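As structure tokens, the structure follows; a few thoughts come after it.
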Amino acid sequence: MKLYSTNTPGVTVDFKEAVFNSMPQDKGLYMPVGIPVLDRDFIENIEMYSLSEIAFKAADSILQGAIPKNDLKAIVEDAIDFPAPVVKLDDRTYVLELFHGPSLAFKDFGARFMSRVMGYFMTEGEKTLNVLVATSGDTGGAVALGFLGVPNTQVTILYPKGKVSAIQELQLTTNGRNIRAIEVDGTFDDCQALVKQAFTDKELNEKFRLTSANSINIARLIPQTFYYFNAYAQLKREGKTEVVFSVPSGNFGNIGAGLLAWKMGLPVKQFIAATNVNDTVPAFFKSGLYEPRPSISTLSNAMDVGNPSNWVRIMNLFDNDLEQLRNIVTAASYNDTQTREAVQQIFDEYDYVVCPHTAIAWTAIADYRKLSNDETSAAVFLSTAHPCKFPDVYEGEIAGKITIPEQVKTLQGRPKQAVVLEADFTAFKEYLMGSEL
């Protein structure tokens, strides 16, 4: 498998280098030189395969021999050892539950696969691998659990102070061992900027072996294609072959993976990028001008991103042609009031509790149907996190319906371990340079 930087397409690297040097020095992002199309027979009979079989087929196709088949199969089976069920709410509306992994969020797919790929490629005697990750809520918890106890690996998680939920903070700050947390007095965009600057800092790169666990790392993006293929397989078992996916979107890695799956041959009628008031992309769809802006705090905190990193990948998939993109993607944004209303409406109609991110994706489906008059497609909205992570969103009967999973109960009472820093690269660099990673 060969990959190129979106900023320098003529220079290519192999998969191992892209995994460990996750961000090219030209500050682009890695993309596959060629995107394989899965064979027609597999797609037409996909309902006959399990999630593990589908995941292996997709990974093996796109990696093109970068990892031998038997080794790759073992990695996939170890990483993706939890379900991703499509739950039917009515004859045309389905929710794809992606919160059944260890950290209760869809990020488990990417984090677990990536950690095992890195472990596979590491050889005895190499320098400690230092993983830097910025999180707006769920990424950090998934990465922490994905890498916890992995030999010869140190993880540093940066998260915005006061802008993650209590349970998310517990997942970030109570692990110890090879996981450490930095509480940044700023926004997620500040955290992301610090991490990106570290990757291009000569002195840091000379001292440490740095890599990213954010969705800028191609090894995070590839496994997220698995659940799109698997969702389609489940719908085919229901007799549904025309599908619309509504995707809660913050850093745009999730929908980017869906579009990669589509390029690989997954039949999808429409993607909807559903955001909160951090509407850089929906505004771009309206105006044609891409204007990143400072992020705003919302109930759907994992989507509080004003300058989504993966947007460059999506535009790259469509040759930077907005009109091409509009043929398969629409975008919409919603505020906190609309989010709360959606949580209540979904509960009233279906006796089903969703997290605020999921509520936004459902609202986008409802609006899509009004605007498109699409009365036949199966509409699937992605449920990206367990509602227990956002207790402040719920009250009354809805709050009483939420079950706290055992993995959350075990976190409660553990001491918080975090260093507080300003959103300043000099301070962050001094912390890294003065620490034993």
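The values are calculated or read from the model by the stated rules, or taken from the named source; none is laboratory data. Bear in mind that the values here come from a model prediction, so they are computed numbers and not experimental data. FYI the Cβ positions are ideal-geometry reconstructions off the backbone, even for glycines, and counts take in every protein chain you see. Keep in mind that these areas ignore ligands, DNA and RNA; they rest on the heavy atoms of the full protein, side chains included. Shrake-Rupley method; radii C 1.70, N 1.55, O 1.52, S 1.80 Å.
³J(HN,Hα) across the stretch 192-199 via Karplus (A = 6.51, B = -1.76, C = 1.60, θ = phi - 60°), whole Hz, x for Gly/Pro?
Each residue's phi maps through the Karplus curve to give 5, 5, 4, 5, 4, 5, 4, 5 Hz.
In whole percent, what relative contact order does the stretch 289-437 give with Cα contacts below 8 Å and a gap of six or more residues?
16 percent
Could you go through the stretch 288-296 in sequence order and give the Karplus-derived ³J(HN,Hα) for each residue, using 6.51 cos²θ - 1.76 cosθ + 1.60 with θ = phi - 60°, rounded to whole Hz, and x for Gly and Pro?
Whole-Hz 3J(HN,Hα) from phi for the stretch 288-296: x, 10, 8, 10, x, 9, x, 6, 10.
Near the amide H of Y394, under 5 Å away, which other amide H atoms are found, from residues 5 or more places off or on another chain, if H is placed in the peptide plane?
none
In what sequence, largest accessible area first, do H386, H100 appear using a 1.4 Å probe?
H100, H386
Provide F82, F56 ordered by accessible surface of protein heavy atoms (probe 1.4 Å), highest first.
Descending order: F56, F82.
With Cβ to Cβ distances under 12 Å as the rule, what net charge do the other residues near K2 carry (K, R +1; D, E -1)? Intermediate results must be reported in sequence, preceding the final value.
Working: positive: K16; negative: D14, E17.
Charge balance near K2 sits at -1.
Take the alpha carbon gyration tensor of the stretch 224-380, find the square roots of its eigenvalues, order them as a ≥ b ≥ c, and report rounded if a/c is under 1.5; if not, report prolate when a/b exceeds b/c, else oblate.
Since a/c reaches 1.5 but b/c is at least a/b, the shape of the stretch 224-380 is classed as oblate.
Using a 1.4 Å probe, how large is the accessible area of L104, given in Å² and rounded to the nearest 10?
So the heavy atoms of L104 present about 10 Å² to solvent.
Taking only DSSP H segments of four or more residues, each worth -39500 (n - 2.57), what value at 222 nm results for the chain once the sum is divided by all its residues, to the nearest 500 deg cm²/dmol?
The helix contribution divided over the chain gives -12500 deg cm²/dmol.
Please report, as a whole percent, how much of the solvent-accessible surface of the stretch 373-413 comes from carbon and sulfur atoms (probe radius 1.4 Å).
Result for the stretch 373-413: 45 percent of the exposed heavy-atom area is carbon or sulfur.
So what are the ³J(HN,Hα) numbers for the stretch 7-16, from phi and the Karplus equation (6.51, -1.76, 1.60; θ = phi - 60°), rounded to whole Hz, Gly and Pro as x?
8, 9, x, x, 9, 10, 9, 8, 4, 4
Which residue, chosen from L72, S249, L371, occupies the Cα position most advanced towards the positive end of the dipole of the chain, where the dipole is computed from +1 (Lys, Arg) and -1 (Asp, Glu) charges on Cβ about the Cα centre?
L72
Tell me the relative contact order for the stretch 98-187 as a rounded percent, counting alpha carbon contacts under 8 Å between residues six or more apart. Display every interim value, and only then the final one.
Working: 141 pairs, mean separation 25.2, N = 90.
This gives 28 percent for the stretch 98-187.
Mind putting a number on the dipole of the chain about its Cα centre? Charges go on the C-beta only, +1 for Lys and Arg and -1 for Asp and Glu, and I need it in Debye to the nearest 20.
600 debye
List every residue whose amide H lies under 5 Å from the amide H of V353, counting only residues 5 or more places away in sequence or on a different chain, with H placed 1.01 Å from N in the peptide plane.
none
Answer with a single label: of [x] 43, 33, 21; [y] 31, 26, 21; [z] 36, 32, 17, which was calculated as semi-axes √(5λ) of the Cα gyration tensor in Å from the structure in view?
[y]
How do Y228, Y368 stack up against each other in accessible area, from largest to smallest, with a 1.4 angstrom probe? Walk me through the intermediate numbers first.
Values: Y228 0, Y368 35 Å².
Descending order: Y368, Y228.
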